[in-house]
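One structure is given here, and the rest of the page talks about it.
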C-alpha cells in the first residue's frame, strides 16, 4: 500500500473514503432530511412543552393564590368577627348590668329616695349629661316609676364615660318617660327652642324587648333625634312579674363599620348579617349587599340568587370555607364567621378578578418570553441552514470522517435536547445546560435559550408566590387591636391634676402586639380611689379581648360602691357564665381612702403588693390570696386592710416583672425588685417605674421578652 498525503491508498482508510464518497450524497441528503425532521420534531416538542409549562404555571399559581387567599381571608374574617363580637359583647354586658341594677332599685324602693332629672339643656351640647324626655301626652308628675328611675343616673353616666362603644344609655318607664345619658343635648329642641316629645313606648327597642322578655338587639334604625343610623341593645325590667321599665344602650352604625371601610378600596366586601338574614353593616353602598334600615331590609336567605341564599343560610349556622359566589354579576371568593354574642355572622368577599390578576400577569410574561425564545430559535434555524449548506460542500471534500463527526455533533445534542424537553412536566420545569449541548453552534444557543426560559419561569413562580403572600398579610388588624387595647387603659398624666393629696403613675409593655395584662385606677368618689392590677392567662388577641371584658366588669361593679371582695365575686360570677375557653385572670383590687390612707383590698391569685412606709423601705405585703377570676363559679374572697402613710408608696405589678428572664435563664425575682425600688425610695411614681424598667432591661439584656410588664405606683403626699 502506498501513502498519499497520509492516506493509505488501497487500505482501510481509502475503502472508508471510497465508501463515504459513494454514499456521501445519500448521507448528506439523509442528514438534511433528518435535520429537517428533528427540527420539526423539536419545534413541536417546544410548542407542546410551552403549553405544558403554561398549563402547569397556571395551575401552580392558581393553587398558590388560592391557598394563600384561603388562609389570609378566613383568618382576617375571623379577626373581624372577633372584634365585632367584642363590641357587641361589651354592649350586651353593659345593658345586662343596667338591667340588674334597675331590678335591684325597683325591688328595694325603701333603700332609695326619688331623684329628679332635668330636661336637656342646650349649653350641655358636647358634654355627657343625664336628661329627661317623655311622650307628648305624659305628665311626669303621674309617672309611678320616674323618681326611682332617677337613681340610675350615676351608673349610666359612669358607664357612658368609660365606654368606647356606647353612644348613649337609658332607662324608659312604662308610663312613657325616658332618662338617658349622651352628649347630644342640642339635638332635642325644635325650631321654637322647646324640648321635642319622645315617643318612647313605640320605639322598636322598647316593643322588641317587651315582646322577647329578655335581651334584644334591634335592626338598623335611624336615631329619633339625629337620624344617625345605628342599633340598640335593650332589656326589660320586671318586679314580681310586672314590667316597670326598659333599659338599653345605643351603638351607632359608623362605630362598627369604620373598621370595614378600607376593604372597599381594595375591591373586597365586608358585611354583617343578623339572625334574620338582614344586612346590618356593609362596606358597599349598592346592589344586593347594600345596608338598609330594618323596615326596608330583606332576608338574604330568600334572595332570588340561590347561591347567595344557600350561603347566607349556612353562614348563620357555622364557619364557612372559602367559596366562590356570584355577586352583582362578578365572581367573588367569600367566607363567613358567626358571632356568638348576638347570633349574627361576618361575611368577607374578595373580587376573583383581582386574585386572578397575578396569574394573568405571569402567563403574559411567560408568553412574551416564549415568543422571544421562538424568535431566537427561528433565527438560529436560518443560520443553521446556511451553515448546513457549507457543511454539505465540506463533507463532499473532507470525506467521511468529517461528515460522520459533524453529523454526530449535530444529531446527538438535538436528540438529547428533545428527550429532555419531553420529560418536562408538572413542577419539574428545570432545563439546564449540559456538556452535550455545548456544541458552539445554534444548538448551544437554543439550549441556552431554553435554560434561560426555564430559569426565568421558575423565578417568576417564586416571585409571584412571595408577592401574593405578602399582599395578604393581616398586620392592619393587629395594629387596630393594639390601639384599642392602649386606649382602654388610663394613659394621660397627671391623671388627676386637681388632686394634690396623691401622685399616681402606671405603665404596660406587652410581650406581643397586644397583651393580657391590664391596670386601672379611678375615683369612686371624692375620697376613694380604686386601684386595679390584673394578669389574663395567655397572650395575643384572645387575651386582649378577655382583658377588656374583665377591666370593664371590675370598674363597673366598683363604681356601684361594692366592697373589693364583693366586686371580685360579682366579676367572677359574670366571667364564669360564658367562659367556654376556660381563660382566667388574676386580680388585685383595692380602694384607697385618700383622707386617711386606709387601703381595703382583696386578692384573686395575684402577686403580693409592695408597700413603703413614710420613713421606711419597700417591703412585700404578703396578703391573703383567693382563687383566680374565671376559674370556678361561686368563689368567695376575703378582704384585708392596711394603712398607707403620708409619704408612703404602694407598688403593684404583674408576674412579668418578677419573672423577667435573662440569657442565662435566671429570673429577675422579688429580691432584685425590692433592690431596684429601694435604690431611690423617695422617687415619684413615674420615676420609680422608670427605675424599675431600667433595672429589668439591664438584667435581661438581649434576651427576648416573654411576658407583659405592667406596673402601677401611688404615693400619698
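Please work out which residue is modelled with the highest pLDDT, limiting yourself to the stretch 481-501 and to residues that are buried (at least 16 other Cβ atoms within 10 Å of the Cβ) and not in a loop (DSSP other than H, G, I, E, B).
My answer is 488.
For the stretch 270-309, which positions are crowded, with 20+ Cβ neighbours inside 10 Å, outside any loop (DSSP other than H, G, I, E, B) and modelled with pLDDT under 80?
280, 281, 282, 289
Scan the stretch 561-619 for residues that are over 28 Å from residue 500 (Cβ atoms) and part of a helix (DSSP H, G or I) and jot them down.
565, 566, 568, 569, 570, 571, 572, 573, 574, 575, 576, 577, listed by residue number.
With respect to residue 53, determine if the residue is under 30 Å from residue 154 (Cα atoms) and at pLDDT 70 or above.
no
Being surrounded by 15 or more Cβ atoms within 10 Å (Cβ to Cβ) and closer than 22 Å to residue 705 by Cα narrows it down to one residue among 671, 658; which is it?
Within the list 671, 658, the selection yields 658.
Inspect the stretch 547-560 for any residue being in a strand (DSSP E or B) and either surrounded by fewer than 20 Cβ atoms within 10 Å (Cβ to Cβ) or at pLDDT 95 or above (or both) and give the result as yes or no.
No - not one qualifying residue is present in the stretch 547-560.
Cβ-Cβ under 8 Å, sequence separation 6+ or interchain: first residue in the stretch 306-326 and outside the structural domain of residue 273 (by TED's automatic domain parsing), partner assigned to a strand (DSSP E or B). Which pairs?
Here the result reads none, with nothing in the stretch 306-326 linked to a residue that is assigned to a strand (DSSP E or B).
Which of the residues that make up the stretch 577-607 are modelled with pLDDT under 95 and on the phi < 0 side of the Ramachandran plot?
The answer is 577, 578, 579, 580, 581, 583.
One line per residue, one yes/no per condition, for (1) in contact with a strand residue (DSSP E or B) (Cβ under 6 Å, 6 or more places away or on another chain); (2) over 24 Å from residue 553 (Cα atoms); (3) free of Cβ contacts under 8 Å to residues at least 60 places away in the same chain; (4) in a strand (DSSP E or B):
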residue: 88; (1), (2), (3), (4): no, no, no, no
residue: 102; (1), (2), (3), (4): yes, no, no, no
residue: 141; (1), (2), (3), (4): no, yes, yes, no
residue: 151; (1), (2), (3), (4): no, no, yes, no
residue: 163; (1), (2), (3), (4): no, no, no, no
residue: 166; (1), (2), (3), (4): yes, no, no, no
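The values are calculated or read from the model by the stated rules, or taken from the named source; none is laboratory data. Bear in mind the structure is a predicted one, so any value in this text is a computation, not a measurement. FYI the Cβ positions are ideal-geometry reconstructions off the backbone, even for glycines, and counts take in every protein chain you see.
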